[in-house]
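The values are calculated or read from the model by the stated rules, or taken from the named source; none is laboratory data. This structure is a prediction, so every number in the text was calculated from the model and none was measured. Positions of Cβ are backbone-derived with ideal geometry, glycine not excepted, and every protein chain shown enters the neighbour counts. Remember, those area values only see protein heavy atoms, side chains included, never the ligands or the DNA or RNA. Shrake-Rupley method; radii C 1.70, N 1.55, O 1.52, S 1.80 Å.
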Amino acid sequence: MIGILDYGMGNLHSVCSALKRLHVPYIVSSNHDELRQSNGIILPGVGAFRDAMVCLKRDGHIAFLREYAESKPMLGICLGMQLLFDESEENGLTPGLSLLKGRVIRFTGSDVMRETYKVPHMGWNHLDFKKPESPLLQGLSEDYAYFVHSYYVMTSDESLLIATAGYHVEVPAIVGKGHVFGTQFHPEKSGPSGLAILKNFCSLAQGGVRT
Amino acid sequence: MLAKRIIPCLDVKDGRVVKGIQFEALQEAGDPVELAKFYNREGADELVFLDISASSEGRETMVDVVRRVAEQLSIPFTVGGGIKTLDDIKRMLRAGADKVSLNSSAVLNPRLIEEGAAYFGSQCIVVAIDAKYHPATESYHVYTHGGKQLTELDAIEWAQKAVTCGAGEILLTSMDKDGEKSGFHRELTRAVNDAVSVPVIASGGAGKAKDFYDVFTDAHADAALAASIFHFKETSISHVKDYLKAKGVVVR
């Protein structure tokens, strides 16, 4: 069973529909005892980093998520992925969960040639696999995924990068260390490939794939 | 690199897709869920559902349509038509829509854009603009109420204001080109695209694959929307995408 943490910031609906279609049993909960029964947790998220951390802190989820991540798989989606990192510059520097090393920064909107580009990074972008051997990418070939975000992860730890996408900078698209994973795009909105990535995470959590 | 998006638009009235759709393969041609699945398989990058119901019962039915589509679809979709209040936006997004499209209501009350963006984020607020060229003023005027009501607004200035209020995307329809099948309005699309910092979806005038190529390369549209040419199988999404790929345009 997969636990989806309901902390007041996610678009839970689309993640739930995707799991339903994959026939993966899940619960949506904010109760730690219930969530401890799950084999893996999904941390969704739409909105601003600071607001999300306020919600996580208010309900005592920070310590719970850190403890959970020590023993079981976790997948952060979009803002949920950004929350896994050390800190974000969104609305003033805010500390994150520090499960992965890096800082979340805003797209500048102009590249090295001073050409301006659009922010948010919105639409389908190509995934470049950096670690095709990752359990999340089993059975997949490089494809497009659906992104909507104005902030992205900057990390000095290149070993975290499972897949990237090019949007004037190299955007970490799938990250992971041990069994803590994140996707900057929305796998639940990324067609069959996105669903396959979600399914791989669920299989990993349920012991179908070994890390 | 970001792919150019191809977006079919479906008109829904009282829970059924209308305006005639010619797909023999589909048992129930008017079912929005079946059509959504069909276009998803065909390679649509996103879908737009426009609610043209006139009654409140029809609008209620739309919430149910959104819920059923959301259960089946794993690509983003937008719902427009008749969304007038923050509560309307909430209902559609909570039913599973990824974005809402605001048209007349945004013109009458730009605060609705601000409130929607503040509450749910700019990424789910699309502002739809219907524009028509007026030779007398040599500018594009905004029309509301399904193209029936002329306003004083200049389309380019309104697009800028909508983005300042928090619109995350502009869905730009040229009334001059709509239904003509002679290609998208490149000049208008380019002008709006140059004026705003968010993605622009070109609409109105699609007739053949080359029209998509032209609006992507010449007017730099981020996405292009079409209805009848897909519904009547004059071309298909996969054909348009093959054409674009062969010409070096990045598509999914």
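Here are a few things to note about the model shown:
- With a cut-off of 12 Å on the backbone N, the residues of region A:160-184 near the modelled label site 7 Å out from A:GLU142 along Cα-Cβ are A:163-166.
- Contour minus Cα-Cα distance for A:LYS20 and A:GLN37 (0.36 nm per residue): 4.2 nm
- A simple spin-label model places the labels of A:GLU89 and A:ARG114 2.0 nm from each other, with each point 7 Å out along Cα-to-Cβ.
- Normalised contact order of chain B, rounded percent, pairs of Cα under 8 Å and 6 or more residues apart: 18
- Förster-model FRET efficiency, 45 Å R0, A:GLU133 and B:LYS210, C-beta, rounded to 0.05: 0.60
- Pairwise Cα inverse-distance average, inverted: Kirkwood Rh of the protein assembly as shown (Å): 22.6
- Each residue of region A:196-204 was assigned a 3J(HN,Hα) from its phi angle through the Karplus expression (A = 6.51, B = -1.76, C = 1.60, θ = phi - 60°), giving 5, 5, 4, 5, 4, 5, 5, 5, 4 Hz with x at Gly and Pro.
- Phi angles of region A:83-94 translate, via the Karplus equation with coefficients 6.51, -1.76, 1.60 and θ = phi - 60°, into HN-Hα couplings of 5, 5, 8, 5, 6, 9, 8, 5, 6, x, 4, 10 Hz per residue; Gly and Pro are given as x.
- Chain A - mean residue ellipticity at 222 nm from DSSP helices (-39,500 (n - 2.57) per run, n ≥ 4, rounded to 500): -7500 deg cm²/dmol
- Only one residue of A:VAL153, A:LEU84, A:ALA196 has its Cα farthest out toward the positive end of the dipole of the protein assembly as shown, where Lys and Arg carry +1 and Asp and Glu -1 on Cβ, and that residue is A:ALA196.
- Across chain A, the relative contact order, built from alpha-carbon pairs under 8 Å that are at least six residues apart, equals 20 percent.
- Note on region B:34-73 and region A:31-46: Cα centroid distance 31 Å, given to the nearest whole angstrom.
- 3J(HN,Hα) from dihedral phi, region A:37-44, Karplus parametrisation 6.51/-1.76/1.60, rounded to Hz, x for glycine, proline: 6, 7, 8, x, 10, 10, 10, x
- Distant-in-sequence amide H partners of B:ALA128 (H built 1.01 Å from N, under 5 Å): B:LEU102, B:ASN103, B:LEU171
- Three semi-axes of the equivalent ellipsoid, region A:60-211, Cα gyration tensor, whole Å, largest first: 24, 20, 12
- Cut-off 14 Å, label 7 Å out along Cα→Cβ of A:ARG106, residues of region A:74-97 by amide N: A:88-94
- Ranked from largest to smallest solvent-accessible area, with a 1.4 Å probe on the protein heavy atoms, A:SER38, B:SER122 come out as B:SER122, A:SER38.
- For chain A, built as a Gaussian network whose Cα springs stay under 10 Å, the top-fluctuating residue of A:MET74, A:MET113, A:MET154: A:MET113
- With N the number of residues in region B:5-246, Rg(Cα) / (2.2 N^0.38 Å) evaluates to 0.95.
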